[in-house]
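*Asks:* Below are the structure tokens for one structure; questions will follow.
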Amino acid sequence: MSNIKLYPIRLFFILLPSLLAPHPLLAQEQDRGHAKDSAVADEAFDTGWQFYFDNDISFSDEKDRNYTGGVALTLTGRRAVEYWFSLDSWLNGMNRAIGFQTEEEAAIERHAIELGLTIFTPDDIAEADAIEDDHPYANMLFFSNSQSRAYPQRGVIFQSSLLIGLLGSSVGEEVQKAMHNLTDSDQPRGWRNQISDGGELTAKYSIAAQKMLLSHQGDISFDIRGGVEAGIGYSTDINGSISFRLGRLKTPWWSFTPHQSEYISIGQTFGEGSGGGFNRPEFFLWGGLNLKYRLYNAILQGQFRHSAVTFDRDELEAVILNGWLGLTKTFGNGMGISFVMRKQTNEIEGSDRDDPFWSGLIISKTY
């Protein structure tokens, strides 16, 4: 495995200690009255939760391929900062180190903590031997913290997230086999060939910004926003996006950020309802496009540990287009349900396999 392959993830871990070191101005900031602490204190302890379930459901067949599916549970509110296992202080250190966290004006700050699993397989799961020309088996257990700072007057929102993951555990195989037992489907036989088989830590730090471009409020409302994002770690990339909502909208545009995803949704930090002590029902269509320039992807290229199937950088597409279309219905009691379909261009150069396509179901509760 070449050094070029590992450079992004090595760089992440090399920089991590210095990024998390106390900032030279930290003591000064504390003496000035803990401006950030008071901003966090304005956030309720528990503002809601979301449960995500993704599966590569196709309208033409029932095969697993590429991104097979995933599950995630997101908890929003001040608890994402105060739980003893929170990564929020690490995330703050990294934001300060690159100048992404500033206090020049009041912002609406929100936080989230998320636990999830993503699973990837080749097309032919009945084959026990390594398949050299298709997506390798892979799974990642992950834990992440996310922050959002919205400036409604300026029509912008800034977001950051820190993810710690475990590649190559046995969890992905056990979950997939259990699901196939329930549906009486073929059992996957090639999991010993997965990326980082036996387990290996990974991580990712990302920052993003979104800007409101156009909006209209009425019986039928809409908003259109553009965004940019950059991340370093197991997936290292830069990308730009454009997204929209259309329908009966009662919550602010910055409360809904489906562009924040690496296959499964990550970093949905806003959980509370539309104000006034109650939630007002919504029903809207949403969608968007994301154009990504990928520099490194451990799910395909591997990391430090030997993997049976990996791809070199020049065997992968650098430019990847991802599109999504979803429908959301929320109710007066704060419950909500969303269905989304996502399609992405193939990451393996010259592959004759179908482009990855998957759908997701999101159950949510806001307070």
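*Asks:* Quick one: check the C-alpha center-to-center distance for the stretch 189-219 versus the stretch 144-164, whole angstrom.
*Replies:* Cα centres, the stretch 189-219 to the stretch 144-164: 15 Å.
*Asks:* May I ask you to evaluate 6.51 cos²θ - 1.76 cosθ + 1.60, the Karplus curve with θ = phi - 60°, for each residue of the stretch 338-352 and list the ³J(HN,Hα) values in order in whole Hz, giving x for glycine and proline?
*Replies:* With coefficients 6.51, -1.76 and 1.60, one gets 10, 10, 9, 10, 10, 9, 9, 5, 5, 7, 8, 5, x, 5, 9 Hz.
*Asks:* Now for a separate question. Report the FRET efficiency, 1/(1 + (r/R0)^6), for ARG192 and ILE242, where r is their Cβ-Cβ distance and R0 is 35 Å, rounded to 0.05.
*Replies:* 0.25
*Asks:* Return the FRET efficiency for the residue pair GLU174, LEU361: r is the Cβ-Cβ distance, R0 is 22 Å, and the value is rounded to the nearest 0.05.
*Replies:* It comes out at approximately 0.55.
*Asks:* Order by neighbour count: ASP46, ASP134, ASP219, fewest other Cβ atoms within 10 Å first, most last.
*Replies:* ASP219, ASP46, ASP134
*Asks:* Work out how much length ASP133 to ASP354 would gain on full extension: take 0.36 nm times their residue separation and subtract the Cα-Cα distance, in nm to one decimal.
*Replies:* 78.2 nm
*Asks:* Using the crude model of +1 on Lys and Arg Cβ and -1 on Asp and Glu Cβ, and no other charge, please compute the dipole size for the stretch 140-217 relative to its Cα centre, in debye to 20.
*Replies:* 560
*Asks:* Given the peptides 188-199, 322-333, arrange them by the average over their residues of other C-beta atoms within 10 Å, most packed first.
*Replies:* Final packing ranking: 188-199, 322-333.
*Asks:* Between ASN333 and ASN181, what's the calculated FRET efficiency when r is the beta-carbon distance and R0 is 35 Å? Round to 0.05.
*Replies:* 0.50
*Asks:* Another question, if that's okay. At what distance in nm do the modelled label points of PHE51 and ARG154 sit from each other, each positioned 7 Å from its Cα along Cα→Cβ?
*Replies:* About 3.8 nm, to one decimal.
*Asks:* Using a cut-off of under 13 Å, list every residue of the stretch 226-263 whose amide N is near the label point 7 Å from the Cα of ARG280 along the Cα-to-beta-carbon line.
*Replies:* 248-253
*Asks:* Separate question: Note down the nm distance, to one decimal, between modelled labels 7 Å out along Cα→Cβ at ALA44 and at LEU289.
*Replies:* Placing both labels 7 Å beyond Cα along the Cβ direction yields 3.8 nm.
Only the coordinates and a few stated rules stand behind these numbers; no lab work does. In this text, all values refer to a predicted model and were calculated from it rather than measured experimentally. Cβ atoms come from the backbone with ideal geometry, glycine included; neighbour counts cover every protein chain shown.
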